[in-house]
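All of the numbers you see were taken from the coordinates with simple rules; none came from a lab. Predicted model, so just to flag it, every value in this text is computed and none were measured. Cβ placement follows ideal geometry from the backbone for every residue including glycine, while neighbour counts extend to all protein chains displayed.
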Ligand SMILES: [Zn+2]
């Protein structure tokens, strides 16, 4: 067993000094005063120890759009961005999907993420034909996470159609399964391969009522895009006569294991009906011009995701949800406060414990029995000097301030470096060049 002894650690919502974390194998077994009889001590000088940060919503392949969608090309919106994303999704082959996913996951580890919930909807060949191994792409994405030591929960997406009374879009053929039974069978196969898998009915736009009902007895976590765009809510009202949260609820899916991703445009009845978690993706929602969720009104815990990877920066997500709420309300310090560091602790909990719970992973806390997923912040950096530490880390932190990360006790980020990162970057660039997708 081994003790990790930082200058300070964030434990039970409080910054504590002279507290060590004792690890045995993959698990934290004790948090408290160091007892050298129980294990060797690794002193973490000038370091703040935080639980590993959880990225509860990711589409790793979209990392390949980085820098390519930041200039005007007519009337740009979420829907025009989606056409660019579909062109990419159609063009990528299995090797490129693995290479780009590995790059995205390496960047996540660099930024302090230790778990990702990968909302995975690329299933088949571009013409819709299954691969010889029907789980080829999901397994490649899971393998990409393993290569960088990132914990992954594969949220296997169910996708049935382009939309209610919307003509089939040929560029969605890779996403579409025959029926809900095929989706559930895929989740079972992934679990059989040792991959932690949940279920993700994509949205009310892409999944009809009968499919949702068929998922009601699913035994794992369920994530879905909800209320992201006003246009999809209008379609939903036309088809079902009610709004998206109520459609999911009627199908029996709004429960403690449910996560509504985005929830950008809910009405008060939907907010009241919510259970489980809401996953906000602030940098992506700002990047896409989606609008912004009324986070201050929610009655369920919020977790955070980097979604399209316009940015991979957990501190940017934590700040943006609070700052954008301030801009909308014309007030300051509006989201939930917890403990002596109030707002900073509340935002950090969104990025850690809430995300882990949303994904069904026993992590996100420095506590006995939790997985040994944690990161260190270099508190000797200039941006933290002469400050109150925890709020400064949340409101001024960046990926560069993360020095080390451990996932299941394994040291995956070492002094700011992900082993193999240069090679992963090179492989992703080469794969995109080969497909004519590089700039
Ligand atoms: Zn998404």
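Brief remarks follow.
- Against the main long axis of the alpha-carbon atoms of the chain, helix 314-329 sits at an angle near 70°.
- Cα-based shape type of the stretch 53-358, given that a ≥ b ≥ c are square roots of the gyration tensor eigenvalues and the cut on a/c is 1.5: rounded
- Hydrodynamic radius of the stretch 1-117 by the Kirkwood approach over all distinct alpha-carbon pairs: 17.6 Å.
- Cβ-to-Cβ counts within 10 Å put 129, 284 in ascending order as 129, 284, the fewest first.
- Gyration tensor (alpha-carbon) shape descriptor, the stretch 128-198, a/c threshold 1.5: prolate
- Taking every alpha-carbon pair under 8 Å whose residues sit at least 6 apart, the chain reaches a relative contact order of 21 percent.
- DSSP-defined beta bridges in the chain - what % are antiparallel, rounded to 5: 45 percent
- Residues 296, 81, sorted so that the one with the fewest Cβ neighbours within 10 Å comes first: 296, 81
- To the nearest ten degrees, helix 421-434 and the longest principal axis of the Cα atoms of the chain are 20 degrees apart.
- Spatially, the stretch 262-303 and the stretch 364-379 are offset by 27 Å when compared through their Cα centroids.
- Fewest neighbouring Cβ atoms within 10 Å first, the residues 3, 406, 79 line up as 79, 3, 406.
- Principal-axis tilt of helix 230-240 within the chain, Cα atoms, nearest 10 degrees: 60 degrees
- Per residue, the average separation of C-alpha pairs within less than 8 Å and at least 6 apart gives the stretch 350-439 a relative contact order of 19 percent.
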